[in-house]
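Encoded as structure tokens, the structure appears first; notes follow it.
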Amino acid sequence: MALKSMKPLTRAPLLHVSVQESLRAYIDENGLAPGTLLPPEGELATQLDVSRNSLREGIKALESLGVLETRRGVGIFVKAFSFEPLLDNLAYGLGGALRQIEEVLEIRRTLEVGLIGKTIEMIGEEDITELRDTVNRMRVHAERGEAFAEDDQLFHRLLFRCQHNETLVRLIDVFWLAFYKASDFVNLENLDPMATWRDHAAIVDAVEARDLDEARRRLDRHYEGIAVVIANNKTSSNVGGTREKTI
């Protein structure tokens, strides 16, 4: 298969950006499939009429976006499309102030309440058992006055795992992380971990009973409780808190 060559670049202030664009165009115009090995660095740099350093900057940027993959000692490959780079960075681009926290919370709420019906249709005993175990650990921590952020995150992941939708699970995880990060940034504090535990236990009860209306109501109530925590903290703008939050 004869590949089309890339045209030399017209040098611009942000040369590495032009390199990225040309590499993307090269992949697209030649219909290169995931796993295809690109020409060696020297050949690519010659075709673009740029230095190897400029080429490498562009390649590294495309690696961070999940477009290319460099295998040491082998070469540069076209990478299969994935949402992972976007999802991995989304949590760090969201949040940082109370308004952003409320926006992230609304996305979480809509996503989970809207999809809980499918969970009720599909969830099995093994997932319900894991949810119960997670809730029980939450109770132990709550009774000791301890935070349980990791179990809180696991709970929401387990709740939708049965749908076998990896993108959905990652999105829920990312929005949880975004909310957690933003909450920490404004020193948001949950004053009633026992209420948080009870909310999660009630959600599991409703899911196990296959009661869709109750599951939605309990999820809504849970998020209303978080909204109250936000409202109670709106008068405070302290930042840089490091205490673990459980909401």
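Read the figures in this text as sums done on the coordinates, not as results from a lab. The model shown is predicted, which means the values in this text are computed figures rather than measured ones. As a convention, Cβ positions derive from the backbone with ideal geometry for all residues, glycine included, and neighbour counts pool all protein chains shown.
Brief remarks follow.
- The string of couplings for the range 124-134 from the Karplus curve (6.51, -1.76, 1.60, θ = phi - 60°) is x, 5, 5, 5, 5, 4, 5, 5, 4, 4, 5 Hz, one whole number per residue in order, with x for Gly and Pro.
- Of the GluC sites (Glu not before Pro) in the range 129-175, those whose Cβ has at most 14 other Cβ within 10 Å and which sit in DSSP loop: E146
- Set of aspartates and glutamates with alpha-carbon distance to K7 below 13 Å, sequence-local pairs under 8 removed: E21, E29, E43, D49
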